[in-house]
Amino acid sequence: MLKKNDLIQLKITSATAEGSGVGRTEDGLAVFVPMSAIGDELTVRILKVKKTYAFGKLEEIITPSPARIEPDCPNFSKCGGCVWRHITYAEECRIKERKVRDAVERIGGIQTEIKPIIACDRTDRYRNKAQLPVGKDRDGNVQIGFYSFHSHRIVDCGDCALQPEQFAEVIKITREFAQKYDVPIYDETTGKGRLRHLYIRYAEISDELMVCYVVNGNGLKHEDILLKNLREALPNLKTVIFNSNREKTNVILGSKNRVAYGEGTIEDELCGKRFRISPFSFWQVNRAQAEKLYSKAREYANLSGSENLLDLYCGTGTIGLTMADGCASLIGVEIIPDAVRDAELNAERNGVKNARFICADAPAAAEQLRQEGVSPDVVILDPPRKGCGEELVETVAKMQPERVVYVSCDPATLARDLKYFAERGYVTREVTPCDMFSRTAHVESVALLTRNP
Ligand code: SAH
């Protein structure tokens, strides 16, 4: 019987989508080993034994997997971000494709074509957004970084390989300012202190930077000096915002923003259209991949010019607006009021006249539209991780669109919803995984469903 602290030899034969390699003992027990790679022969120390599986820690690599590479980030395995910096990108893509296929087949019970993953041209520096918790270590040094895996312990990161280099400059200026002026740093356990998070956004095409400080209060003492430092170091700084969050909560942003510099928004481009982005609005974190994802969604929507399009969970209107020239009408639904306002302005600035946007909960709005007799030809779905759910699937199916294009950031909830669709006469034609978040465990996909005549 395997027990804690045993040292065993293990061959890694598969990998979980969350970033662990898996091998089996002679008795068939699955052992999960973080930071291992398929093909590794390892010495593993057993940390925990359950009935049908165990967790282990890599002690020594006896024979490395051919997919292994040297991790190139000092924070890898500590910071809770990347899980795949120790294997080749090709291997990561294989694992992600398999994650989507497994979910669709096992959770959804659906046999369909899973296309090869749309891979990234650039696997580093692709993120245009960072939300970094601010804390203090035992010696009172200001820390800005990421929570480590499954915890609220901050791993200090001067620079993150997934983010633009400029973010490191913002972090540095903020850290130096906080240290010099002894800014009270928010303490999660007591709810005391001021500075909570540093939130940065970058619009790549227009080269515009947004810096937002989340504070337990209204602003920061000496904030004019902070602004001056930022402006001097970063010529492309477009706006600085103070977001007020006085709640004792894990939710990062509070409900009120005060613009301290600039207009409070930045502007970026996707598929040739311009988009305004506010701090509260959702914006795709990987712009280059978002363009590829949207073109796939457009291909699936297969518009001829006469269709009525319904874009549910539309954010700032991006997916629908990039298709608006190919359809007769567009309705977008989104729950965040600022995002809806952005969507309306985005329609205007791109000369789109056939679109309207509704600020509401997607399932409720869809039902309302259905009762009003709205019958879209194509429905786009792009929900958050929890997916659409059966109620919304039911409503969409009742609207009888010819095609449903489902964009998803969680294969498990996608698969569950595809099953709900299947039960209502919608066939999943194909699914294309898209790597929006390379080096991390997350994978996006887009599915095409058509109505069974
Ligand atoms: N399609 C957009 C946004 C996708 S992210 C894009 O590609 O940019 C998912 C969006 O759903 C977010 O903007 C989020 O605010 C919104 N959302 C979350 N819950 C919702 C709900 N219950 N009803 C409507 N929108 C919701």
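Within region 290-335, track down each residue that is out of contact with any strand residue (DSSP E or B) (no Cβ under 8 Å at 6 or more places or on another chain) and either part of a helix (DSSP H, G or I) or near the ligand (Cβ under 9 Å from one of its atoms) (or both).
Within region 290-335, S295, R298, E299, D325, G326 meet the criteria.
Check whether at least one residue in region 418-427 is surrounded by 18 or more Cβ atoms within 10 Å (Cβ to Cβ), within 16 Å of the ligand (Cβ to nearest atom) and of a type outside the set (A, V, I, L, M, F, W, C), and report yes or no.
no
Out of region 401-412, which residues are open to solvent by less than 20 Å² (accessible area, probe 1.4 Å) and closer than 14 Å to V104 by Cβ?
Once the filter is applied, which keeps residues that are open to solvent by less than 20 Å² (accessible area, probe 1.4 Å) and closer than 14 Å to V104 by Cβ, region 401-412 yields Y406, S408, P411.
Would you please list the contacts, defined by Cβ atoms under 7 Å and residues six or more apart or on different chains, that run from a residue in region 377-390 that is open to solvent by 30 Å² or more (accessible area, probe 1.4 Å) to a residue that is within 13 Å of the ligand (Cβ to nearest atom) and polar (S, T, N, Q)?
Pairs that qualify, where the first residue is open to solvent by 30 Å² or more (accessible area, probe 1.4 Å) and the partner is within 13 Å of the ligand (Cβ to nearest atom) and polar (S, T, N, Q), are R385/T413; K386/T413.
Give just the number: which of (1) closer than 20 Å to F280 by Cβ; (2) open to solvent by 50 Å² or more (accessible area, probe 1.4 Å); (3) within 11 Å of the ligand (Cβ to nearest atom) does A360 not satisfy?
(2)
Confirm whether G373 is more than 9 Å from the ligand (Cβ to nearest atom) and on the phi > 0 side of the Ramachandran plot.
Yes, satisfied.
Got at least one residue in region 278-297 being open to solvent by 20 Å² or more (accessible area, probe 1.4 Å), more than 23 Å from the chain's Cα centre (by Cα) and hydrophobic (A, V, I, L, M, F, W, C)?
Looking through region 278-297, none of the residues is open to solvent by 20 Å² or more (accessible area, probe 1.4 Å), more than 23 Å from the chain's Cα centre (by Cα) and hydrophobic (A, V, I, L, M, F, W, C).
What is the residue count in region 401-410 for residues that are over 16 Å from S295 (Cα atoms) and within 16 Å of the ligand (Cβ to nearest atom)?
Matching residues across region 401-410 total 2.
Any residue at all in region 197-205 that is in the same structural domain as R246 (by TED's automatic domain parsing), closer than 19 Å to R153 by Cα, within 27 Å of the chain's Cα centre (by Cα) and open to solvent by less than 10 Å² (accessible area, probe 1.4 Å)?
yes
Which condition number in (1) more than 16 Å from A415 (Cβ to Cβ); (2) in a loop (DSSP other than H, G, I, E, B); (3) open to solvent by 40 Å² or more (accessible area, probe 1.4 Å) is the one that R85 fails?
Unmet for R85, out of (1) more than 16 Å from A415 (Cβ to Cβ); (2) in a loop (DSSP other than H, G, I, E, B); (3) open to solvent by 40 Å² or more (accessible area, probe 1.4 Å): (3).
Could you tell me which numbered condition K398 fails, if it satisfies all but one of (1) more than 20 Å from the chain's Cα centre (by Cα); (2) within 13 Å of the ligand (Cβ to nearest atom); (3) open to solvent by 10 Å² or more (accessible area, probe 1.4 Å)?
(2)
Before we move on, is A339 more than 11 Å from the ligand (Cβ to nearest atom) and touching a Gly at 6+ places or on another chain (Cβ under 7 Å)?
no
Read through the list (1) more than 14 Å from the ligand (Cβ to nearest atom); (2) surrounded by fewer than 18 Cβ atoms within 10 Å (Cβ to Cβ); (3) not aromatic (F, W, Y), then give the number of the only condition that A260 fails.
The failed condition is (2).
Going through G135, G145, G108, G158 one at a time, which residue ends up being touching a strand residue (DSSP E or B) at 6+ places or on another chain (Cβ under 9 Å) and not assigned by TED's automatic domain parsing to the domain that holds D182?
After ruling out the rest, the residue left standing is G108.
Listed residues T450, T432; which is of a type in the set (V, I, T), open to solvent by 10 Å² or more (accessible area, probe 1.4 Å) and at pLDDT 95 or above?
T450 is the lone residue from the list that is of a type in the set (V, I, T), open to solvent by 10 Å² or more (accessible area, probe 1.4 Å) and at pLDDT 95 or above.
Out of the residues in region 72-82 that are at negative phi and open to solvent by 40 Å² or more (accessible area, probe 1.4 Å), state the one that is nearest to the chain's Cα centre (by Cα).
Looking at the filtered set, the residue picked out is K78.
Name the pairs whose Cβ atoms lie under 6 Å apart, with the first residue in region 200-222 and in contact (Cβ under 8 Å) with a residue 60 or more places away in the chain and on the phi > 0 side of the Ramachandran plot, the second open to solvent by 10 Å² or more (accessible area, probe 1.4 Å) and not small (G, A, S), and 6 or more positions between them or separate chains?
No pair meets every condition.
Taking only region 243-257 into account, find how many residues are part of a strand (DSSP E or B) and either surrounded by 20 or more Cβ atoms within 10 Å (Cβ to Cβ) or under 22 Å from the mean Cα position of the chain (by Cα) (or both).
The qualifying residues number 1.
The values are calculated or read from the model by the stated rules, or taken from the named source; none is laboratory data. These numbers come from a predicted model, not from an experiment. All Cβ positions, even for glycine, are placed from backbone atoms using ideal geometry, and neighbour counts span all protein chains on display. Protein only, heavy atoms only, side chains kept; ligands, DNA and RNA dropped before computing areas. Shrake-Rupley method; radii C 1.70, N 1.55, O 1.52, S 1.80 Å.
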